[in-house]
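In what follows, a single structure is set out as C-alpha cells and then discussed.
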Amino acid sequence: MKFKVGDIAQYLSGTVAGDSQKEVENIAAIERASEGDLTFLSNPKYESFLYTTQASAVIVSQDLELKQPVSCVLIKVKDPYSSFTMVLEMVEQSITPRYEGIESPSFIHEDAQVGEDVYVGAFAYIGKGAVIGDRAKIFPNCYVGEGATIGSDSILLPGAAVHHSVQIGNHCTLHHGAVIGAEGFGFAPQADGSYRRTPQLGTVILEDYVSVGANTTIDRATFDATVIKKGVKLDNLVQIAHNCTVGEHTVMAAQVGVAGSAHIGAKCMLGGQVGVSGHINIADGSKVVPQSGIMSSIEAEGQSWMGSPIVESKQHFRITAAMRRLPDLIKQVRALEKKLEQATGG
Amino acid sequence: MKFKVGDIAQYLSGTVAGDSQKEVENIAAIERASEGDLTFLSNPKYESFLYTTQASAVIVSQDLELKQPVSCVLIKVKDPYSSFTMVLEMVEQSITPRYEGIESPSFIHEDAQVGEDVYVGAFAYIGKGAVIGDRAKIFPNCYVGEGATIGSDSILLPGAAVHHSVQIGNHCTLHHGAVIGAEGFGFAPQADGSYRRTPQLGTVILEDYVSVGANTTIDRATFDATVIKKGVKLDNLVQIAHNCTVGEHTVMAAQVGVAGSAHIGAKCMLGGQVGVSGHINIADGSKVVPQSGIMSSIEAEGQSWMGSPIVESKQHFRITAAMRRLPDLIKQVRALEKKLEQATGG
Amino acid sequence: MKFKVGDIAQYLSGTVAGDSQKEVENIAAIERASEGDLTFLSNPKYESFLYTTQASAVIVSQDLELKQPVSCVLIKVKDPYSSFTMVLEMVEQSITPRYEGIESPSFIHEDAQVGEDVYVGAFAYIGKGAVIGDRAKIFPNCYVGEGATIGSDSILLPGAAVHHSVQIGNHCTLHHGAVIGAEGFGFAPQADGSYRRTPQLGTVILEDYVSVGANTTIDRATFDATVIKKGVKLDNLVQIAHNCTVGEHTVMAAQVGVAGSAHIGAKCMLGGQVGVSGHINIADGSKVVPQSGIMSSIEAEGQSWMGSPIVESKQHFRITAAMRRLPDLIKQVRALEKKLEQATGG
C-alpha cells in the first residue's frame, strides 16, 4: 500500500505541515520508524523522538508546539491516537485478504439457514437448524452445532466452535479454537467416592460486540444460560464456567479463570491469570491485578485489588513491602527480647 | 418437552401432593422459577422460596413438614437432589440432538476398525489401525491417530484428538479441543545452550468413565504411559505432563497444571489454577485450594492444603490473617525499641 | 522392534560386557525394567538398581566400576544419557508411523506453493499464496492462512493453525491446536466505557528449531512482528501476547502467560504458570520458579527468581520461612509489650 500524506490528512480531517505529496507505505512505532513510514505521537514522553525520527510523516496533536525543527511531514489532528487507529483501520481494509463464498467441501445441513454474503470455509460444519446471519464469516474447520445462532457480521476464525443451541450476537469475533457451549463441569459425588455427571441443559448467550480469544472456553449452564454481555472482550485461554454472567464492557486478559455461577459486573478489568471463585459477585468497575485470586464477593464499586486472596491494592503494596522486611523483623524482636531480659534481670 | 407431574413422580418412585395432571415444560432454580417450571428443594436454607415460588411443581423430600401452605404441586421423594438429577437425565434424553451414522466427507482408513452404531461426523479423521468401540461418537473435526483405541460408548466432541497408539477406555468423554497424546515436553540441554529433543515413545491410557474438559492437554510418556485412572474428571484447559498418573475419581478444576512424572492419588480434589511440581507424590484424598502451588510430596492422606507453596489450610488461614497485621507489627516493634531505649537509658 | 545388544553397542560406538547376541525389545526405566528390556544408568543415585534389575541390557558409563556382579549385559559408553537418547531416536525411527503424500479431501489453494515430499493430511487447509517447504508435514485439520510460510522439515500436528502472513522457520514443530498469529488483544477505551478494536496489522515470526506446545497461542503484533527466536521451546497452553520477543533457546513450561510487548532474553527458563507483565525486559539466562509473577524488568543476567511479585530466590526462601513464623511473632511482640509495660510500670 502507498498513501499520499495529503490524502491521509483529508481522511482524518486534519491539516498538513510540509509536503502533502509525500508518500508513506508502512506503519511503525515512532522510536523505530524509518524512511517511508507513517507514525504518530500521542504520549508526551515520546516527544523527543519527533525531532530525530526518520519517519516520512507523523500524526501529531494540533495543539503541539514544536520545540525544535523537524525533518518529517506533520499531520495535525485533534486526537492523534484515535486518528492513528483510523489509519490502521484503513490500512487493514486494504491489506486483509477477502474471504467470501462457500468453499468446498464444507458441511451445511439442509435444514440450516445461511444469510446473505456469508463466507463458509472448507471443512466448516454447520449443523441442523443452525442460523447464520448476513455477512458472517465461518472459517475452515469451524463447528456450529444443531440449532445454534450466529448473528450478522460475526466472525468465527478457524477451529472455533459454537455448540448446539448457543446464541452468538451480532458483530462478535470468536478466535481460533474458542469453544462456546461445551458442557459445564457438573458432577455429583456418590457414596462410593465416584461421581455422577449432572446433565447440563442450559446454553450460552453472547450479546453483541463480544470478542473471545483463541482457545478460550465458555461452558453452557446447567439450566438457563451462561451470559456474556454486550462489548465484553476476553483474551486467549480464558475459562468461563457454567452459569456465570459477565457484565457489559468487562475485559479479561489471558488465562483468567472464572468458576461456576460467578457474577462479574460491568466495566471490570481482570489481569492475566486472575482466578475467580464460584458463586460470588464482583462489583462494577472492579480492577484486579494479574495473578490475583478473588475468593469472596467484591461489594465496593470501582476499586483496585491485588493478591491471592485479594486485598485492596494500596493495602497489598504495604503488606508486600512489609513482607520483605520480615526476616529482619524477626531478628529485631529477638534482640528486643534479649535486651529486655537483661534490663529486667530476666 | 411437556411432562405430566404424575408421570414424573412415577419415574422417580415418588408420590404427588396436588394435581398430578398438571404439566411442566421447563426446569429452573427455585428462586427464579415461573409458571410451567419444575424445580426442586434440597438445601433447607432455600425452604422459604417453596412458599413463594411460581413454579408449577417442586420435588421435595418425603420427610419435609410444610410450615405454610404452598401453591405448587409437590413431588415427594427420598432424595430430592438425586431425583432432580434423574429428571435432568430424562429431559436430556428428550432434547439432545441424535448423532448417528457416518457423515460425509469423513476419513476412515481402510485398516481402521469401527464398531456398531458408531457416529462419525464430517471431517473426522480415523487413522490406520485405529479401533472405535460400539456406540462411540466421533464428532466433526476429531482426529484419531494410527493405532489408537476408543472404547465403547465413549464420546469425542468436535476437534478432540487422540494421537497414535493412545488408549481411551469405555464411557469416556473428551470435550472440544482436548488433546490426548501430544508429545511430552522433553529436551536435553546441550553444551552450547541449545536443546536436543528427547523422543517420547510412550503413550497415554485413559481408563473407563474419564471426562476430559475442552482444550485440556494430556501428554504421552517418554516411555511406558501417562495414566488417567477410572472415573477421573478433568475440567477445561488443564495440563497433565508426560509420565504422570492420576488416581481413581480424582477431580481437577480448570487450568490446573501438573508437571512431569507427578503421581496424584485417588479421590483428590484440586481447585482451579493449582500447580503441581514434577516428580512428587500426592496422597489419596488430598484437597487443594485454588491457585495453590504444590512443590513437594504430600504424605498425609485426606488433608486440606493452601498457598504457594502450600501449607496445611488452617495454618495458611493463620498466616494470611497475620500478614494483614504485618505493617502494624513493624510499627509496634519500632515503638517497643524506642520505649525500651528510653527505659534503659539507651 | 527387536535389536541385538551388539548392534546397539556398535551404533553407540560402545563396547559390550556379556552376551552381545542377546536381544532387547522394549525400553524401560531401570527401577521397573524386566526381561527383554533395555535401560540405562546415568544418575549415580540409581546405581543400586543395576545389581537387582531384571533388564536384559543396561547402558552404563565406561568409567563405572562395578561393586557387585550383575546379571544383565552391559553396554559401556562415554555418556550414557546421550547414548540413551540416541537409542530412543533410533527406536522412534522404527516405530513412528510414516506420514506421506496428499490425503483427500484436503484444500490446497491453486496459488499455494507446496514443496517436495510434503505430507498434507485430510481436511488440512492451505490458503492462497501460502508456501510449504520441502519435507514439511501438515496433519489433518491444520490451517495455513493466506500468504503464510512454513519452512522445510517443519511439522504442524493436527489442528495447528498458522494465520495469514505468519512465517514459520525450518525444523519447527507446532503441536495440536497451537495457534500462531491470532489477532493481538488490542482495544482502546472509549468515553462511554466501551472499547474500540485496534487493528493488528503485524505478524508472527518463528525462527528455526522452535517447538510450540499443544493449544499454545502466539498473537500477531499490532505492527512489526511478535518474534520467537531460534531454538525456543514452549510447552502446552502457553500464551505469548502481541509484540513480544522471546530470545534464543529460552524454554517455558506449561501455562506460562506473557503480556504484550514483553521482551524475554536468551536461554531463560520460565516454570509452569509463571506470569510476565507487559512492556518489561527479562535479562538473558533468568530462571523463574513456577507460579511466579514478573511485574517489572529483570536487569541482572542469570539469576534465579521466585514469588509474585518476584524477589531473588534466596531472599524468597527466607521470606517464606519467616512467614510461617509470623503468627508466633505476633504473640512474641504482644508478650514483649506486656513485659515492658510491667517493667517500666506502664
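The values are calculated or read from the model by the stated rules, or taken from the named source; none is laboratory data. Fair warning: this is a prediction, and the values are worked out from it, not measured in the lab. No Cβ is skipped: glycine too gets one built from the backbone with ideal geometry, and neighbour counts run over all protein chains shown. All accessible areas refer to the heavy atoms of the entire protein, side chains included, with ligands and DNA or RNA removed. Shrake-Rupley method; radii C 1.70, N 1.55, O 1.52, S 1.80 Å.
A few notes on this one:
- Any hit, region A:69-76, residues being more than 22 Å from A:GLN21 (Cβ to Cβ) and in contact with a Gly (Cβ under 7 Å, 6 or more places away or on another chain): no
- Neighbours by Cβ (under 8 Å, 6+ apart or cross-chain): first from region A:231-248, on the phi > 0 side of the Ramachandran plot; second assigned to a strand (DSSP E or B) and open to solvent by 20 Å² or more (accessible area, probe 1.4 Å): A:GLY231/C:TYR195
- Within region A:294-346, being more than 8 Å from every other protein chain (Cβ to nearest Cβ), among the polar types (S, T, N, Q) and either closer than 16 Å to C:SER308 by Cβ or open to solvent by 60 Å² or more (accessible area, probe 1.4 Å) (or both) holds for A:SER296, A:GLN303, A:SER313, A:GLN342.
- Residues (over 26 Å from C:VAL120 (Cβ atoms), open to solvent by 20 Å² or more (accessible area, probe 1.4 Å) and not charged (D, E, K, R)) located in region C:161-192: C:PHE185, C:PHE187, C:PRO189, C:GLN190, C:ALA191
- Residues (on the phi < 0 side of the Ramachandran plot and assigned to a loop (DSSP other than H, G, I, E, B)) located in region C:204-220: C:GLU207, C:ASP208, C:VAL210, C:GLY213, C:ALA214, C:THR216, C:ARG220
- Cβ-Cβ contacts under 9 Å between residues 6 or more apart (or on different chains), taken from a first residue in region B:265-287 that is more than 10 Å from every other protein chain (Cβ to nearest Cβ) to a second residue that is open to solvent by 10 Å² or more (accessible area, probe 1.4 Å) and of a type in the set (Phe, Trp, Tyr), are listed as B:SER286/B:TRP305; B:LYS287/B:TRP305.
- Close Cβ contacts (under 8 Å, 6 or more residues apart or on different chains) running from residues in region B:134-154 that are under 18 Å from B:GLU116 (Cα atoms) to residues that are at pLDDT below 95 comprise B:LYS137/B:TYR99; B:PHE139/B:TYR99.
- Restricting A:SER61, A:SER83, A:SER56 to those that are within 27 Å of the chain's Cα centre (by Cα), among the small types (Gly, Ala, Ser) and more than 30 Å from A:GLU146 (Cα to Cα) reduces the list to A:SER83.
- Some residue of region A:289-305 being at pLDDT below 95 and under 20 Å from A:ASP219 (Cβ atoms): no
- Any hit, region B:219-233, residues being at pLDDT 95 or above, more than 30 Å from C:VAL91 (Cα to Cα) and more than 14 Å from chain A (Cβ to nearest Cβ): no
- Selection within region C:267-282 - assigned to a loop (DSSP other than H, G, I, E, B) and surrounded by 19 or more Cβ atoms within 10 Å (Cβ to Cβ): C:LYS267, C:CYS268, C:GLY271, C:GLY272, C:GLN273, C:VAL274, C:SER277
- Among the residues of region B:126-146, the ones that are of a type outside the set (Lys, Arg), open to solvent by 10 Å² or more (accessible area, probe 1.4 Å), farther than 15 Å from B:LEU157 by Cβ and within 13 Å of another protein chain (Cβ to nearest Cβ) come to 2 in all.
- Qualifying residue in region A:175-192 (condition: within 20 Å of B:VAL238 (Cα to Cα), part of a strand (DSSP E or B) and more than 7 Å from chain B (Cβ to nearest Cβ)): yes
So that you can scan it fast, the table gives a plain yes or no per residue for (1) within 28 Å of A:HIS249 (Cα to Cα); (2) touching a His at 6+ places or on another chain (Cβ under 9 Å):
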| site | (1), (2) |
| --- | --- |
| A:TYR125 | no, yes |
| A:GLY129 | no, yes |
| A:GLY133 | yes, no |
| A:VAL166 | yes, no |
| A:GLY181 | yes, yes |
| A:GLY193 | no, yes |
| A:GLY213 | yes, yes |
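- The residues of region A:228-266 that are in a strand (DSSP E or B), buried (at least 24 other Cβ atoms within 10 Å of the Cβ) and of a type in the set (A, V, I, L, M, F, W, C), listed by number, are A:ILE228, A:LEU234, A:ILE240, A:VAL246, A:MET252, A:VAL258, A:ILE264.
- Residue match in region C:49-57 (condition: within 19 Å of C:GLU92 (Cβ to Cβ) and at pLDDT 95 or above): yes
- Some residue of region C:96-116 being open to solvent by less than 40 Å² (accessible area, probe 1.4 Å), closer than 18 Å to C:ALA9 by Cα and without any contact (Cβ under 8 Å) to a residue 24 or more places away in the chain: no
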